[in-house]
1. Within the stretch B:86-107, track down each residue that is more than 9 Å from chain A (Cβ to nearest Cβ), crowded, with 21+ Cβ neighbours inside 10 Å and assigned to a loop (DSSP other than H, G, I, E, B).
2. Scan the stretch B:78-88 and give yes if some residue there is in contact with a Phe, Trp or Tyr (Cβ under 9 Å, 6 or more places away or on another chain) and in contact (Cβ under 8 Å) with a residue 24 or more places away in the chain, otherwise no.
3. Does the stretch B:118-130 hold any residues that are in contact (Cβ under 8 Å) with a residue 12 or more places away in the chain and surrounded by fewer than 18 Cβ atoms within 10 Å (Cβ to Cβ), and which are they?
4. On the given criteria, is B:ALA136 closer than 17 Å to B:ALA89 by Cα and either part of a helix (DSSP H, G or I) or not basic (Lys, Arg) (or both)?
5. For the stretch A:28-71, name all the residues that are of a type in the set (Ser, Thr, Tyr), touching a residue at least 40 places away in the same chain (Cβ under 8 Å) and outside any loop (DSSP other than H, G, I, E, B).
6. Scan the stretch B:250-266 and give yes if some residue there is in contact with a Pro (Cβ under 8 Å, 6 or more places away or on another chain), outside any strand (DSSP E or B) and at pLDDT 90 or above, otherwise no.
7. Can you go through B:ASP126, B:ASP155 and tell me which one is farther than 30 Å from B:ASP6 by Cβ, in a loop (DSSP other than H, G, I, E, B) and not hydroxyl-bearing (Ser, Thr, Tyr)?
Amino acid sequence: MAKSLGYPKDISAKMKGAGMERFLKSPNITGWLLASPLALVLALFLILPIILIVVVSFWSATEFSIVPDFSFENYAFLFGSSVTYTVFLNTFKYAAITWAITLILGFTIAYFLAFHVRSQTWQTALFLLCTIPFWTSNIIRMISWIPFLGRNGLANETLISWGVIDAPLEWLLFSDFSVILAFVHLYTLFMVVPIFNTMMRIDRSLLEAATDAGASGFQTLVNVILPLTKPGIMIGSIFVVTLVMGDFITVRFMSGSQSANVGRLISNDIALLQYPSAAATAVVLLGTVLMMISAMLRLVDIRKEL
Amino acid sequence: MRTGHDLELAAVTKRYAGGAVAVDAVSHLFPAGSYVCLLGPSGCGKSSTLRMIAGHETVTAGNILLSGKDVTTLPPARRGTAMMFQNYALFPHLSVIDNVAFSLKMKGVDTDTRRKRASSLLELVDMTAYGDRLPAQLSGGQQQRVALARALITDPQVLLLDEPLSALDPFLRIRMRAELKRLQRELGISFIHVTHGQDEALALADQIVVMNKARIEQAGAARDVFNAPATEFVARFMGGHNVLALPRGRFALRADAVRLGPEGTEAVVTGVEYQGAHVAMTARITGDQEILALIPEAQFFTDPKSPGNAVRLAWDDHLLHPLTQ
């Protein structure tokens with residue numbers, strides 16, 4: 001066609017090339033192209049599985065078969081059963097207690113590291129010390145509590161030999177205590193890191209300005225450091241809350257299968273091949289966690305931290 | 001004249017753990033109600049001196065007295081001083097008015113009272129309209145006014161300013177400098193202002209304290225320090241001076257006292273710089289000494305010189321100011 005319009009062939013090809021080049025160089029297109037690999041990965045490995053779970057949650061199941069369907073029976077069963085509420089409540093309880101303890105511990109540790117450790121070498125060294133538990137796997141860290149907390153474990157034997165107690169404490173292991181202890185052990189660092197990070201960005205002259213204005217150490221903490229650390233606290237809280245809400249293995253090991261949370265509900269369903277029921281529970285859990293996070297994000301603007 | 005609110009440093013020394021001496025036995029009397037500039041190159045100890053007066057740095061040895069009371073070990077808020085920080089150090093999460101009212105909140109003053117007091121201070125610095133804004137929404141000059149108001153709300157006898165104008169652009173710097181001077185006159189309290197700019201110090205200070213290598217090199221009225229520099233360091237640091245090594249000793253000679261003349265010392269022009277009102281001409285005389293001459297512009301251009309030209313430089317001998325070192 002180009003020839004009939006009177007253009008030599010190569011010029012027409014060059015024009016086409018230039019058009020393509022201009023198309024590729026337009027800032028909009030570059031942006032889309034740069035974002036697409038991540039978008040593709042997320043679509044394939046996050047969005048698609050979630051859609052599948054939502055779809056499966058409407059299927060129906062008998063003892064031996066799963067039938068593609070659009071029924072609300074899984075949800076109806078879930079919301080009709082008192083077990084669901086007990087288990088969700090238990091999960092909230094774990095999340096709330098773990099959150100409170102990791103927050104207090106995390107804030108204190110981060111505060112100490114950021115404001116009381118003067119030399120940077122020591123800061124780095126102590127910070128690495130905090131990560132030591134993470135050098136080994138999650139499961140091993142949990143299991144290593146068992147010989148320590150058991151009826152004839154180190155803790156009980158030490159307490160008995162000191163004469164603090166006469167009989168071994170039963171609640172040390174396979175109890176809510178041990179579950180929360182393991183959670184705190186596992187997740188405190190997730191609170192320390194973002195809070196420490198935010199604290200390190202606080203301009204030290206602000207603390208001097210507070211002192212100059214007559215603020216005591218505690219007043220500076222409450223009026224200056226705490227408000228400025230909020231974004232870090234919020235990011236740490238999101239980590240801890242989502243991790244605890246979604247956990248099932250810690251609760252199983254540390255409670256000796258005596259306590260339940262939503263994760264265990266799902267894992268039990270899967271073990272019984274009740275995929276639709278597991279999917280429905282997962283959808284409800286996902287919705288709950290998303291609501292919790294959006295409520296938390298409403299309280300504090302974390303964009304400055306990202 | 002000694003009045004009640006003088007600030008006195010007596011052999012104040014700051015030695016760091018490593019052994020480095022930041023301030024070496026500095027003694028000085030800051031008269032009440034005066035504008036004093038601590039002037040010196042970076043690392044000369046002027047900021048450490050200020051921070052020790054403020055109480056943000058411990059004093060290794062010596063005493064700081066304010067109104068006749070030893071405040072050396074008192075916490076910053078109980079000294080009667082207030083500090084304005086170099087980067088203003090406004091609390092980013094508090095509105096302008098809450099920033100200003102911060103110290104009253106720490107004292108437990110109720111909200112209405114402290115806001116009323118903060119408003120009156122915002123009025124003093126002409127920032128009433130910005131009370132509800134956050135510091136990030138203000139320009140550099142506005143942030144500085146807020147920082148001033150916050151420092152002044154404690155009714156200090158001495159306001160300490162750590163390079164307050166260094167973060168501003170040149171135009172704003174000159175405007176804020178006039179403002180600082182006006183405030184100091186109105187309030188009648190002492191301002192101690194740390195700076196490394198001699199023009200800033202000359203413009204503002206009733207008294208200039210030139211520091212070098214952890215010691216006070218010279219202190220006195222701005223005009224005395226400029227016209228009669230005690231040492232070669234002061235002469236060079238204040239600028240506008242030539243330091244001449246003559247057989248009789250070393251002398252400071254103001255650059256604007258050097259004339260181009262038909263007679264005088266022979267010299268070769270090495271550089272010519274047009275500066276508006278003046279032309280700064282550098283020339284080399286025998287003994288490899290460079291001399292700077294500030295020549296009124298009109299006069300220079302009646303017979304312009306260029307580098308390489310031979311000229312004769314003259315000055316009145318009574319303008320040679322002997323230097324001690």
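The values are calculated or read from the model by the stated rules, or taken from the named source; none is laboratory data. Keep in mind that this is a model prediction, so the values were computed, not measured. All Cβ positions, even for glycine, are placed from backbone atoms using ideal geometry, and neighbour counts span all protein chains on display.
1. Selection gives B:ALA101 alone.
2. Initial filter on the stretch B:78-88 (in contact with a Phe, Trp or Tyr (Cβ under 9 Å, 6 or more places away or on another chain)): none.
Looking through the stretch B:78-88, none of the residues is in contact with a Phe, Trp or Tyr (Cβ under 9 Å, 6 or more places away or on another chain) and in contact (Cβ under 8 Å) with a residue 24 or more places away in the chain.
3. Hits for the stretch B:118-130 are B:SER119, B:LEU124, B:ASP126.
4. yes
5. A:SER60
6. Taking the stretch B:250-266 and keeping what is in contact with a Pro (Cβ under 8 Å, 6 or more places away or on another chain), we get B:250-252.
If we keep only those that are outside any strand (DSSP E or B) as well, we get none.
No; the residues of the stretch B:250-266 include none that is in contact with a Pro (Cβ under 8 Å, 6 or more places away or on another chain), outside any strand (DSSP E or B) and at pLDDT 90 or above.
7. Among B:ASP126, B:ASP155, only B:ASP126 is farther than 30 Å from B:ASP6 by Cβ, in a loop (DSSP other than H, G, I, E, B) and not hydroxyl-bearing (Ser, Thr, Tyr).
Listed here are the residues, each with its yes/no results for (1) within 22 Å of the chain's Cα centre (by Cα); (2) more than 24 Å from A:VAL222 (Cα to Cα); (3) hydroxyl-bearing (Ser, Thr, Tyr).
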site	(1), (2), (3)
A:ALA95	yes, yes, no
A:GLY106	yes, no, no
A:LEU113	no, no, no
A:ARG118	no, no, no
A:ALA125	no, yes, no
A:THR136	yes, yes, yes
